[in-house]
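A.B. asks: Sharing a structure below in structure tokens format, with a few things to ask.
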Amino acid sequence: MGRPDPEEGQLPAPVKPPDGGWGWIVLLGCFVITGFSYAFPKAVSVYFKELMKDFHVGYSDTAWISSIMLAMLYGTGPVCSIMVNQFGCRPVMLIGGLLASAGMILASFTTNIIELYLTAGVLTGLGMALNFQPSLIMLGTYFDKRRPLANGLAAAGSPVFLSSLSPLGQVLLEKFGWRGGFLIMGGLLLNCCTCGAVMRPLDMGMKRKMGKAQDKYEAKEMLPIGGKSEEGISTTDGTKKGKKAKKKPKKGKKLLDFSIFSNRGFIIYTISKFILVLGLFVPPILLVNYAKDTGVPDTEAAFLLSIIGFIDIFARPACGMVAGLKWVRPHVAYLFSFSMLFNGLTDICSARASNYTGLVIFCVFFGISYGMVGALQFEVLMAIVGSQKFSSAIGLVLLIEAFAVLIGPPSAGRLVDALKNYEVIFYLAGSEVVLSAIFLGVASYCCLNRGKKEPPPENNPSAGGGSDTEEAESDVQEAEEHSSNNHQPAHSTDNAMVAANEEANHVAEEQSGEGGGCPAGDGEVLARDGCNADQMVERDSF
């Protein structure tokens, strides 16, 4: 499928995900981008006390900086999708890196909290959003068989950067103040531009080959031998390829593909992810205060988050390796459902933890389950919609998640203020996560398995990543037909012409042996459809 015959053209074979090579550089860039996107809003919190003193505001006012960053990261998903579909991943990431850096640099010169909201919140948040989504799209195009492992390694950037940026921010605050710290942080964010620069599109090599083939075609047209011989070779193929071109007109690329809502798997995933986000982030946000209320010292309470981050670093790549196993990958959605169920039950079982040992045990299991969820969430989405529609799918999913982020943690905080009881909050958050796990597992089994009972199409790809290759091949085939329609179906390379001549002469020899009465002269080439004198083309000689 999608592979032209030697006689039929100059188009190269479709580009498949290399599962390595330059893809490892892309993976490294995605690792850095993921780390900045998820860890930076949390790492900025080390500056909040100084901001409260300088601007004479409360903690809730400064906390809005991180909230605005996260809101921009999630809420601008469709805008990112449109820009990626229109301009490509690399230009969007370069612009995003510049915006993120400019936001923090400008924030170092602000004089009030509103200016901080606009610079560090809106501008930096938008820049990180323009980096995060395209990096995941590029990761999906470079990896197919190893994609679960690649997603797990890239997701590990979040805990690694969180454990690095927070201590770094504290050092910068002590030596340079919050303004100097913001300025240096803005310089660090310029590394996002470097990560964007390495996001080389996979089809660049194919376009270069097509350009060389086109140059050869134009050069061949200028030679005396090129005119008549290629005209004779292409007579039999012209009608056939012209009909194909009419049947498959080239379609313009959509800026935002809403047809993914017709995919039942995508609908199930979106609903379960919305329910999941309502309770997923609540325990780590309230954990430190919960520990302090139980009598744990401040330093030991803060160390609980470090335990979660350390376990998370190893849990994500390990889960990615497990998800990539042949017997697991076809059922990756159920593994994702299990990880959510594991996380929710951890919240529920730890609600009655009343000492430091119990909280440490909770952090270990929560780190494992949280890492599993983080490693699988985008792998499941890629497996459902494929890489061609992933840019639109992730934008719409992040937009829906933005509403859940704005509902879940703030509502939990208000319940804590009203009830003065953390136990109820942990029960509620765990129940929401368990509900999302049950919905995803049951809905996937009941709704999606019925579709699998239908007879599969030919060349059915392996579970998880085959759809990407098939879609890429179809795109190349459309490009081949479009090119042949525009250039009067002629062949551009000498190899194609020679192959066709040899085939025609071979047919002529067979027909003459059967008594067809059509001898082939030294300077003649027989057309494929027969040996009629009207279909014979003489070759010019130099």
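The values are calculated or read from the model by the stated rules, or taken from the named source; none is laboratory data. If you're wondering where the values come from, they're calculated on a predicted model, not measured in any experiment. We place every Cβ from the backbone using ideal geometry, glycine too, and count neighbours over all the protein chains shown. Protein only, heavy atoms only, side chains kept; ligands, DNA and RNA dropped before computing areas. Shrake-Rupley method; radii C 1.70, N 1.55, O 1.52, S 1.80 Å.
A.B. asks: Within the group Ser81, Ser101, which residue is open to solvent by less than 10 Å² (accessible area, probe 1.4 Å) and touching a Cys at 6+ places or on another chain (Cβ under 8 Å)? Before you say what the answer is, go through the steps one by one.
C.D. replies: On the way: Ser81 fails: touching a Cys at 6+ places or on another chain (Cβ under 8 Å).
Only one candidate passes the filter, namely Ser101.
A.B. asks: Could you pull out the residue among Met372, Met382 that is in a helix (DSSP H, G or I), open to solvent by 10 Å² or more (accessible area, probe 1.4 Å) and not assigned by the TED database to the domain that holds Met72? Steps first, answer last, please.
C.D. replies: Details: Met382 fails: open to solvent by 10 Å² or more (accessible area, probe 1.4 Å).
That would be Met372, the only listed residue that is in a helix (DSSP H, G or I), open to solvent by 10 Å² or more (accessible area, probe 1.4 Å) and not assigned by the TED database to the domain that holds Met72.
A.B. asks: Looking only at residues in the stretch 265-282 that are over 30 Å from Thr357 (Cα atoms) and out of contact with any Phe, Trp or Tyr (no Cβ under 7 Å at 6 or more places or on another chain), which one is surrounded by the fewest Cβ atoms within 10 Å (Cβ to Cβ)?
C.D. replies: Among residues in the stretch 265-282 that are over 30 Å from Thr357 (Cα atoms) and out of contact with any Phe, Trp or Tyr (no Cβ under 7 Å at 6 or more places or on another chain), the one surrounded by the fewest Cβ atoms within 10 Å (Cβ to Cβ) is Phe274.
A.B. asks: Let me ask something else. Which ones in the stretch 350-369 are open to solvent by less than 40 Å² (accessible area, probe 1.4 Å) and outside any helix (DSSP H, G or I)?
C.D. replies: Residues satisfying the conditions are Ser350, Ala351, Ala353.
Each row is one residue, and each column tells you yes or no for (1) out of contact with any Lys or Arg (no Cβ under 7 Å at 6 or more places or on another chain); (2) free of Cβ contacts under 8 Å to residues at least 24 places away in the same chain; (3) closer than 15 Å to Pro284 by Cβ; (4) open to solvent by 50 Å² or more (accessible area, probe 1.4 Å).
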site	(1), (2), (3), (4)
Pro330	yes, no, no, yes
Leu335	yes, no, no, no
Phe342	yes, no, no, yes
Leu396	yes, no, no, no
Ile407	yes, no, no, yes
Ala412	yes, no, yes, no
Phe426	yes, no, yes, no
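A.B. asks: Moving to a separate point now. Evaluate the stretch 67-79: report whether one residue or more is within 26 Å of Ile25 (Cβ to Cβ), part of a helix (DSSP H, G or I) and touching a Ser or Thr at 6+ places or on another chain (Cβ under 8 Å).
C.D. replies: Within the stretch 67-79, the first condition is being within 26 Å of Ile25 (Cβ to Cβ), and the residues that meet it are 73, 77.
Still in the running and part of a helix (DSSP H, G or I): 73, 77.
From what's left, touching a Ser or Thr at 6+ places or on another chain (Cβ under 8 Å): 73.
For the stretch 67-79, residues within 26 Å of Ile25 (Cβ to Cβ), part of a helix (DSSP H, G or I) and touching a Ser or Thr at 6+ places or on another chain (Cβ under 8 Å): present.
A.B. asks: Also, quick follow-up: Answer yes or no as to whether Gly180 is modelled with pLDDT of 90 or more and not assigned by the TED database to the domain that holds Pro330. Step through it out loud before you land on a result.
C.D. replies: On the way: modelled with pLDDT of 90 or more: yes; not assigned by the TED database to the domain that holds Pro330: yes.
Yes: the conditions hold for Gly180.
A.B. asks: Looking at Leu202, Leu183, Leu188, can you tell me which residue is farther than 18 Å from Ala120 by Cα and among the aliphatic types (A, V, I, L, M)? Please lay out each step first, then the result.
C.D. replies: Values: Leu183 fails: farther than 18 Å from Ala120 by Cα; Leu188 fails: farther than 18 Å from Ala120 by Cα.
Every option except Leu202 fails the conditions.
A.B. asks: What about Ile285, is it open to solvent by 10 Å² or more (accessible area, probe 1.4 Å), assigned to a helix (DSSP H, G or I) and modelled with pLDDT under 85?
C.D. replies: Working: open to solvent by 10 Å² or more (accessible area, probe 1.4 Å): yes; assigned to a helix (DSSP H, G or I): yes; modelled with pLDDT under 85: yes.
In short, yes.
A.B. asks: Out of Phe338, Phe362, I need the residue that is within 22 Å of Leu149 (Cα to Cα) and among the aromatic types (Phe, Trp, Tyr). Which one?
C.D. replies: Values: Phe362 fails: within 22 Å of Leu149 (Cα to Cα).
Of the residues listed, the single one that is within 22 Å of Leu149 (Cα to Cα) and among the aromatic types (Phe, Trp, Tyr) is Phe338.
A.B. asks: Inside the stretch 122-138, can you point out the residues that are at pLDDT below 90 and open to solvent by less than 10 Å² (accessible area, probe 1.4 Å)?
C.D. replies: Those that are at pLDDT below 90 and open to solvent by less than 10 Å² (accessible area, probe 1.4 Å): Gln133, Leu136.
A.B. asks: Tell me the residue from Met199, Met185 that is modelled with pLDDT of 90 or more, assigned to a loop (DSSP other than H, G, I, E, B) and touching a helix residue (DSSP H, G or I) at 6+ places or on another chain (Cβ under 7 Å), please. Can you show your working first?
C.D. replies: Values: Met185 fails: assigned to a loop (DSSP other than H, G, I, E, B).
One residue alone meets the criteria, Met199.
A.B. asks: For the stretch 153-162, indicate whether the set of residues that are over 30 Å from Asp54 (Cα atoms), in the same structural domain as Glu50 (by the TED database), within 15 Å of the chain's Cα centre (by Cα) and open to solvent by 30 Å² or more (accessible area, probe 1.4 Å) is non-empty.
C.D. replies: Yes, some residue in the stretch 153-162 is over 30 Å from Asp54 (Cα atoms), in the same structural domain as Glu50 (by the TED database), within 15 Å of the chain's Cα centre (by Cα) and open to solvent by 30 Å² or more (accessible area, probe 1.4 Å).
A.B. asks: Can you work out which of the residues in the stretch 293-307 that are surrounded by 14 or more Cβ atoms within 10 Å (Cβ to Cβ) and among the β-branched types (Val, Ile, Thr) is nearest to Ser164 (Cα to Cα)?
C.D. replies: Ile307
A.B. asks: Between residues in the stretch 167-181 that are under 21 Å from Leu106 (Cβ atoms) and residues that are assigned to a helix (DSSP H, G or I) and of a type in the set (Ser, Thr, Tyr), which pairs lie under 7 Å by C-beta distance while being six or more apart or on different chains?
C.D. replies: Close Cβ pairs satisfying both conditions: Gly169/Tyr47; Leu173/Tyr47; Trp178/Tyr47; Gly181/Tyr47.
A.B. asks: Still on this structure, I have one more. Taking the criterion of being small (Gly, Ala, Ser), crowded, with 20+ Cβ neighbours inside 10 Å and more than 18 Å from Asp347 (Cβ to Cβ), would at least one residue in the stretch 308-321 satisfy it?
C.D. replies: So the first thing to find is which residues in the stretch 308-321 are small (Gly, Ala, Ser), and the list is 309, 315, 318, 320.
Now narrow it down to the ones that are crowded, with 20+ Cβ neighbours inside 10 Å: 309, 315, 320.
With the extra rule that they be more than 18 Å from Asp347 (Cβ to Cβ), the set shrinks to 320.
Yes, there is a match, as at least one residue in the stretch 308-321 is small (Gly, Ala, Ser), crowded, with 20+ Cβ neighbours inside 10 Å and more than 18 Å from Asp347 (Cβ to Cβ).
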